[in-house]
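So the structure is just underneath, and the comments pick up after that.
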Amino acid sequence: ARRKILDLIKRRNIQNVVSLGGDIHSYVVGDVKDDDIDQNSATLISEFVTTSVTSESFNTAVFNAMARENPNIALIDDRFRGYVLCDVDRNVWRTTLRTVDDVMARDTGFKTLATFAVEQGRAGVQKG
């Protein structure tokens, strides 16, 4: 399925493709390359995965190992609960990763963990 999606993006020359995902109890931000092995291959998708709002994760070691083995991951972090905010216009897609201070408190605070952008005409996620 992944290969079919990447081939469709290439065949139709679709630019600035963004994927949103979730349900793995971790934030993940990165690029999907045409060829995972060849770092010089084209970036076809910018990917943002949100963590869960309330469910804990106990996979930090697994996620850290993934990050070490995959240079296309810009950020991976399962230590926080939260959500993402996406601000989109014709020039930039900006995703802000928001964390919840205490999932057990009704009047909890929120913080920004990181912000990433995908700019029109520039493949891949950029910090900021």
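The values are calculated or read from the model by the stated rules, or taken from the named source; none is laboratory data. Owing to the predicted nature of the structure, the values given are computational and were not obtained by experimental measurement. Cβ coordinates were reconstructed from backbone atoms using ideal geometry, including for glycine residues, and neighbour counts include every protein chain displayed. For accessibility, only protein heavy atoms count, side chains too; no ligands or nucleic acids. Shrake-Rupley method; radii C 1.70, N 1.55, O 1.52, S 1.80 Å.
Counting only protein heavy atoms and a 1.4 Å probe, tell me what percentage of the chain's accessible area is made up of carbon and sulfur.
50
Can you give the log10 of the normalised intensity I(q)/I(0) at q = 0.12, 0.16, 0.19 Å⁻¹, computed with Debye over equal Cα scatterers of the stretch 13-111?
Result of the Debye calculation: -0.45, -0.75, -0.97.
Might you tell me the accessible area per residue for the chain, computed with a 1.4 Å probe and given in Å²?
Accessible area per residue, the chain: 63 Å².
Any chance you could give the angle, 0 to 90 degrees and rounded to 10, that helix 2-11 forms with the longest Cα principal axis of the chain?
Result, in degrees: 50.
Roughly how big is the chain's charge dipole about its Cα centre, with Cβ charges of +1 (Lys, Arg) and -1 (Asp, Glu), in debye to the nearest 20?
That gives a dipole near 380 debye.
Nearest 10 degrees, 0 to 90: what angle lies between the long axis of helix 60-69 and the longest principal axis of the chain (Cα atoms)?
On a 0 to 90 degree scale, this one is about 20.
In square angstrom, rounded to the nearest 10, how much accessible surface does residue 24 have for a 1.4 Å probe?
Accessible area of residue 24: about 70 Å².
Below 12 Å, Cα to Cα, which aspartates and glutamates can residue 111 reach? Residues fewer than 8 away in the same chain don't count.
101, 102
Can you tell me the FRET efficiency between residue 107 and residue 18 if r is taken as the Cβ-Cβ distance and R0 is 35 Å, rounded to the nearest 0.05?
Computed FRET efficiency for residue 107 and residue 18: 0.60.
If each DSSP helix of 4+ residues adds -39,500 (n - 2.57) and the sum is divided by the residues in the chain, what number results at 222 nm, nearest 500 deg cm²/dmol?
-4500 deg cm²/dmol
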